[in-house]
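Structure, as structure tokens:
Every number here is computed from the coordinates shown, using simple stated rules; none is lab data. These figures come from a predicted structure and were not determined experimentally. Cβ placement follows ideal geometry from the backbone for every residue including glycine, while neighbour counts extend to all protein chains displayed.
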Amino acid sequence: MRKRTGRGPRRVSRFRLSGYGPIIKIGALVLGVAAFILLIIFVIVPLFGGAPKPVETETAELTPTPVATPMARTDMSDLAVELQAANQSINDPYVFGNEAVFSTGQADQTSPAVDTIALYDLTTKQTTYIDGIKKKYATLFEPKMNEKYIVYLDCKDEYGGAVCCYDRKTNESFVMREYVYGKPKVSLSGDYVLWLQQTNKGSNTLGTDRLYLYHLPTRETVEIEIFSNTIFSYSSPYMSDSAIVYAQASGESQVLDGSSASTDAEICVIPLVQGGDAQRTLFVPGVNVNDPKISGDSIVFVDSYADSNKLYVCTKQGDTYSAPAVIAENIINFDVGSGYAVYTKDEAVYIYYFADQSTGRLTSESSRALLASACGKNVAWYDITDLSGANVVFYAQVP
């Protein structure tokens with residue numbers, strides 16, 4: 001027999017013959033990868049800087065809603081600047097832009113004949129006299145100006161006088177209208193002048209009074225309203241850049257001839273838009289009305305000039321105005337500017353802002369003062385601490 005050589009036949013593993021072989025290999029591979037990841041996390045990473053720290057999320061703090069800073073400060077006297085004109089007599093100062101206008105006379109006299117209108121430059125502090133303005137009667141009073149015109153009163157010694165204008169471009173002065181009684185309060189806005197002309201001597205003799213609107217370029221006059229036998233003719237009208245406002249007897253506009261003769265005050269607002277044809281607003285505030293003035297959407301007036309009087313404000317609400325709210329009591333006089341009212345109370349001048357109803361004092365506690373005028377952002381007043389000498393005038397350009 002021939003002897004067999006080489007290795008005998010191999011025995012096949014049971015695992016290779018079984019269908020579980022591939023599954024077991026995959027499981028072993030997964031275990032190996034998992035072990036490697038655990039090794040990195042728990043062994044290698046701690047050796048080289050440690051495990052990453054969780055990101056901390058900051059909790060946002062609630063920020064309180066900021067409280068708006070009032071427009072007025074309790075003491076605003078740091079804004080006051082003295083008008084350093086050489087004139088001893090400064091009457092009815094009125095500041096427009098960077099200039100002040102006032103009536104005066106001989107510079108070295110404290111009580112001169114008031115026959116001159118002067119301009120004072122707030123920057124150069126130089127005073128110039130307007131040669132084109134000559135008085136016809138006794139005294140020049142209450143000048144007001146804008147960039148094109150200066151309006152003023154040329155008054156007689158007792159009654160009457162003339163409402164006059166000076167054209168700053170042509171250096172020409174002219175009379176708009178003569179008046180017989182009283183001394184009208186004149187408003188200037190752009191190319192227009194407004195005033196109420198009385199025809200009676202006193203409150204015991206009522207007559208027919210006329211509200212005039214004068215167009216300066218054409219020198220034409222429009223009669224806006226006629227008041228017959230009404231006590232409201234003693235309340236001065238006022239014109240801003242946007243509207244005319246005045247007081248009348250309630251129902252006056254519905255009376256065709258004469259006056260309604262009502263004792264209830266009605267405020268009339270005529271917008272200066274659409275060539276003056278815009279619908280006027282009439283409303284009865286429920287209190288007495290004297291000398292209403294308008295600034296934007298706010299109307300300010302005083303109920304009287306007697307003791308215990310009240311200064312009111314009404315605010316536009318839709319097609320009408322709100323009920324009157326009291327600004328101050330026991331005031332001497334008042335005026336309005338751009339966004340505010342100013343008034344004299346307890347020998348100090350105060351400002352009231354319409355936007356936030358804040359109030360501040362413009363004059364120092366150590367002085368006595370009397371409001372002179374307001375225009376735009378400029379307020380002028382007399383310092384009456386010492387009345388024995390020359391007129392002392394201050395002004396402030398308010399925020």
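The table for this structure:
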item	result
Protection proxy ranking, peptides 320-327, 84-91, average beta carbon neighbours within 10 Å, highest first	84-91, 320-327
Proximal charge balance of ILE384 [Cβ under 12 Å; K/R count +1, D/E count -1]	-2
Separation of alpha-carbon centers, the range 282-301 and the range 144-223, rounded to whole Å	22 Å
Net +/- balance of residues flanking LYS310 in space, Cβ distance below 9 Å, scoring K and R +1, D and E -1	-2
Among 233-243, 161-171, the order from most to least packed when residues are scored by Cβ within 10 Å on average	233-243, 161-171
Rounded, prolate or oblate (a/c below 1.5 giving rounded, otherwise prolate when a/b exceeds b/c) for the range 133-229 by Cα gyration tensor	oblate
Backbone N within the range 325-348 under 19 Å of label point (7 Å from ARG368 Cα along the Cβ vector)	330-334, 343-348
Total formal charge among the other residues, if their Cβ is under 14 angstrom from that of THR359, Lys/Arg +1 and Asp/Glu -1	-1
For the range 253-399, alpha-carbon Rg over 2.2 N^0.38 Å	1.17
Overall form of the range 312-384 per C-alpha gyration tensor (a/c, 1.5; a/b vs b/c)	prolate
Computed label-point distance, nm, for sites ASP346 and THR128 using a 7 Å Cα→Cβ extension	4.3 nm
Among 374-380, 128-134, 221-227, the order from most to least packed when residues are scored by Cβ within 10 Å on average	374-380, 221-227, 128-134
Distance (nanometres) between label positions extended 7 Å along Cα→Cβ at ASN290 and GLU99	3.4 nm
Global form of the range 114-169, assessed from the alpha-carbon gyration tensor, a/c cut-off 1.5	prolate
Fully extended contour minus Cα-Cα distance, from LYS148 to THR69, at 0.36 nm per residue	24.7 nm
